[in-house]
1. Being more than 27 Å from residue A:161 (Cα to Cα), more than 7 Å from chain B (Cβ to nearest Cβ) and in contact with a helix residue (DSSP H, G or I) (Cβ under 7 Å, 6 or more places away or on another chain) is the filter here; which residues of segment A:122-136 pass it?
2. Considering only residues that are in contact (Cβ under 8 Å) with a residue 24 or more places away in the chain and within 15 Å of residue B:252 (Cα to Cα), look in segment B:278-301 and name the one that is nearest to the chain's Cα centre (by Cα).
3. Quick one: residue B:128 ticks every box in (1) outside any loop (DSSP other than H, G, I, E, B); (2) surrounded by fewer than 18 Cβ atoms within 10 Å (Cβ to Cβ); (3) at pLDDT below 90 bar one, so which box is it?
4. Check residue B:21 against each of (1) touching a residue at least 40 places away in the same chain (Cβ under 8 Å); (2) more than 13 Å from residue B:227 (Cβ to Cβ); (3) part of a helix (DSSP H, G or I) and name the one condition it does not meet.
5. Kindly indicate which of B:102, B:15 is within 30 Å of residue B:162 (Cα to Cα) and either in a helix (DSSP H, G or I) or without any contact (Cβ under 8 Å) to a residue 60 or more places away in the chain (or both).
6. Could you pull out the residue among B:199, B:205 that is without any contact (Cβ under 8 Å) to a residue 40 or more places away in the chain and in contact with a strand residue (DSSP E or B) (Cβ under 6 Å, 6 or more places away or on another chain)?
7. Regarding residue A:80, is this residue at the interface with chain B (Cβ under 10 Å from one of its Cβ atoms), surrounded by fewer than 20 Cβ atoms within 10 Å (Cβ to Cβ) and under 18 Å from the mean Cα position of the chain (by Cα)?
8. For residue B:215, which of the numbered conditions (1) more than 8 Å from chain A (Cβ to nearest Cβ); (2) more than 21 Å from residue A:118 (Cβ to Cβ) fails to hold?
């Protein structure tokens, strides 16, 4: 139940002379929802990109399910069970909604080019499985009726749900969400919060970066606060809301 | 709804039947005319190369400017192994394909570490190197004098030497190659490639190894070209390096651009248009310009390439009428829809739903 999923140890990144992230450590346990917050430029996205393998850390390391994974490529991390979504949606716009989600099932299939080319029974079976799982996942987020639409034609909020279904269909151990609420209207936000809470019930774990404090307070089990690349606080939502350093970082010195 | 579905199924069956009759009956339809049949064989050989390149350009998003080198590699491997080493033609064909695959792997590994269009440059250089090899390695290739006396390919002991026999052989390869390519495109691999096209960062975050798939498709395209080259060598029984230089590589590129990459059959369409236009030029140009040399063809196809890229960048398969396009798209979508919904129903009845 409380097995350690992700451990971030003394992670740092500098770009030239700028320290974007400095010695940040925290952890995510199984079935946790952990939020990373902080003012603009606090290093949240850099931290996220390091964890998901897009940029290598300057120092420190990331341990995922007990093994050190820093330095691994994003596709290797996905195979190990860590997927992510993006702040500025990265859907495959020309593919159907169903196909988008089926790509998410890639890591669970094995057919290579030869088996696929000859359409061996194994491939046929896998394709059917991928389709079923993708369809099921779309049903869960309430988009099954749009399965055959081109993903690029959907409204923004629905595209976000497709992206989440795509990241979740392979049943990864951890999903990273980069500002999932960005650009959503209140109604869409509420729908997304419901989906995330439902997924938590099903045993998914999330690490997410978010600006929308209402959402963070509503769904996070724990919150990590960054400011100027450093971790200034970590704890349950109610602790964070009262933490003097956090208030200072968000509202400025005088407010304290 | 169900009735309509059955109707289209029935119509599709008739289309298939008609296609098969035309394919099998063609040598009779043209009264065994060797000129027409040899033109069809040539179209088929180029189509095979083009199908591989269609996958490479349309799905891996890469351009090869040295595909004729792989074509030549297949041709020379088959020629040498059958004429001088006494290998059976089929084994030599496989050996040529294996060699082409290996070389593509060696060329591809460093190239795909880099992004963008380095493959175009690398294959251009590779094409020049291979052309020099074909020309200078006289002990094996016969140099500029060419390679003579390539033995025929045999099926069940019967040597294939006439045009109609080759028509069946090559067209079977084209159909099999197109079928294989279509299957790849409609699988996990094809989905991964289209995903890379849509967003590399998202594809890799879902477990798609971008380098691996680009490399695999490049290797596959090399195998297609090599197999076509082997068949070509046995068909004409005489080959020389000029057939495998840079200009032929450019022609392969032009064919794929004419055909377009909207369908895996773009290579076939492009090859057919290219060969027919070429034959037409050969007939018409001497009438208009009695002193024009063979260079006229390059000028013509160069212009055509520019016009295509401006007015029809998706090629002929990209502008095909909706009805035709539905033939190669909807059939799949419909079956896909049917299976997904069926399995969904089955699950609901099973009561497994969360």
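The values are calculated or read from the model by the stated rules, or taken from the named source; none is laboratory data. None of these values were measured; they are calculated from a predicted model. Neighbour counts are summed over all protein chains in view; Cβ atoms, including those assigned to glycine, are modelled from backbone coordinates with ideal geometry.
1. Listed by number, the list holds a single entry, A:122.
2. Our first condition is that a residue be in contact (Cβ under 8 Å) with a residue 24 or more places away in the chain; within segment B:278-301, this holds for B:279, B:298, B:301.
In the following step, the residues that additionally are within 15 Å of residue B:252 (Cα to Cα) were identified as B:298, B:301.
On the way: B:298: 21, B:301: 19 Å.
Among those residues, the one meeting the criterion is B:301.
3. (3)
4. Just one mismatch for residue B:21, condition (1).
5. Step by step, each of B:102, B:15 is checked, and only B:15 is within 30 Å of residue B:162 (Cα to Cα) and either in a helix (DSSP H, G or I) or without any contact (Cβ under 8 Å) to a residue 60 or more places away in the chain (or both).
6. On the way: B:199 fails: in contact with a strand residue (DSSP E or B) (Cβ under 6 Å, 6 or more places away or on another chain).
After ruling out the rest, the residue left standing is B:205.
7. On the way: at the interface with chain B (Cβ under 10 Å from one of its Cβ atoms): yes; surrounded by fewer than 20 Cβ atoms within 10 Å (Cβ to Cβ): yes; under 18 Å from the mean Cα position of the chain (by Cα): yes.
Yes.
8. Result: residue B:215 passes all but (2).
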